[in-house]
Amino acid sequence: MKRRPTLLVTGGAGYIGSHVVAQLGARGERIVVLDNLSTGHSRAVLHGRLVVGDIGNQRLLRALFREYRIETVLHFAARIVVPESVAKPLEYYDCNTAKARTLLAECERAGVEQFIFSSTAAVYGDLAGGQASESSLVDPANPYGRSKLMTEWMLGDLSAASRMRHVILRYFNVAGCDALGRIGQDTPEATHLIKVACQHAVGLRPNLEIFGTDYPTPDGTCVRDYIHVEDLAAAHVLALEYLREGNGSLIANCGYGHGFSVREVIDALGRIHGQVLNVRESGRRAGDMASIVANSDLMREWLGWRPSRDDLDLILASALAWEKQRLARAEIQADIPEPAVTGWRKSAARPGVNP
Ligand code: UDP
């Protein structure tokens, strides 16, 4: 039995989770990552032990909580593609809500008292003016947002009924990669604008579509608050410190507080890339809100968050550099599958408890 306090990071092999693991690991935290590698990659886990398994596997969770003294759970594992959630809602409620309930139940059983949850700006309704503060109306426009909001509510109710304290971070639109280029957005089927636009820029997609040009926004395309993944990861480190100081539960927006339209993002990327992008205008995409921008005063005041990459060009340059590097790696490693996870970072779950 290892008694040193340990952080359990679900989804730590995925895009945002891996950046948080990198920052926590650099601070010497003891980390166990639980990830089923459905969209994540073992190579993205730069610190700690990787357990390959599912957050809905109660026996596996129980084994982990027995083996480690889990001080805090950071819960990233989720399905995150809005249009997919519209097409396959029950898969989203299963992964993001039902399995989260299993995780929370095991946390309660094990006496875990600190929980940091990856939530989303998609919990907000279509707001007049488009700026969301944490007290704004929640009224998700799609099953993804609803599946996350239900977990926020479960967590809120559990904290009210127990010694659990939580920080819920509502992410706005995350992009970019870590400064050393080790990890980044690595999901080939991603649908997010900056990812898709960078894939197009490096030649992986023949064109780029703008979904909807008739929104009530200055140029008719949707407006979003794009945040660099490293600033977002830093918010989690602060959230952990906040809970360790004994503070009460908190919901906080993670965005910079200003928005850019789809056209502005595409124009900026074309300028940085030095080439005109092949852009097509299409109809609206199901589940999209016209405009959503964070009011992030709470993050700044309560968590002391001081973002250092609040610059669209910098975010785009980082995302583009990652995509170029990813392409170069794919060309070098063409047809070579990802190496099997071995050694200290791999833990086959105990016999009988793996899914
Ligand atoms: N978008 C687009 N073309 C794309 C991908 C996205 O026009 O290929 C738009 C999308 O309709 C939305 C905005 O870009 O208005 C941001 O979408 P994204 O999927 O990046 O994030 P979301 O805000 O849906 O979480």
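The values are calculated or read from the model by the stated rules, or taken from the named source; none is laboratory data. Please read these numbers as outputs of a predicted model, since none were measured by experiment. Because the Cβ atoms are built from the backbone with ideal geometry, glycine has one as well, and the counts that use them run over all protein chains shown. Protein only, heavy atoms only, side chains kept; ligands, DNA and RNA dropped before computing areas. Shrake-Rupley method; radii C 1.70, N 1.55, O 1.52, S 1.80 Å.
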Result for the chain: accessible area per residue, probe 1.4 angstrom, in square angstrom, of 43 Å²
Debye-sum result for region 26-82 in log10 I(q)/I(0), which assumes one identical scatterer on each alpha carbon, at q = 0.15 Å⁻¹
-0.47
Would you mind calculating the gained length between Leu327 and Trp302 on full extension (0.36 nm times residue separation, minus the Cα-Cα distance), in nm to one decimal?
5.0 nm
The chain, Rg to Rh (Cα coordinates; Rh as Kirkwood inverse mean 1/r):
0.95
Under 11 Å by backbone N from the virtual spin label 7 Å along Cα-to-Cβ at Arg280, the residues of region 69-102 are none
What are the semi-axes of the equivalent ellipsoid of region 268-326, taken as the square roots of 5 times the eigenvalues of the Cα gyration tensor, listed largest first and rounded to whole Å?
28, 21, 10
Can you give the three extents of the C-alpha atoms in region 220-283 along their principal axes, from longest to shortest, in whole Å?
52, 26, 16
If r is the Cβ-Cβ distance from Asp219 to Thr102 and R0 is 51 Å, what FRET efficiency results, to the nearest 0.05?
0.70
Enter the angle in degrees (range 0 to 90, nearest 10) between the Cα long axis of helix 58-67 and the first principal axis of the Cα atoms of the chain, meaning the one along which they spread out most.
60 degrees
Semi-axes of the equivalent ellipsoid of region 147-227: what are they in whole Å, largest first, if each equals the square root of 5 times a C-alpha gyration tensor eigenvalue?
33, 20, 11
Degrees, to the nearest 10: 312-332 long Cα axis against longest axis of the chain
80 degrees
Ignoring ligands, DNA and RNA, what percent of the 1.4 Å accessible area of the chain is carbon and sulfur?
52 percent
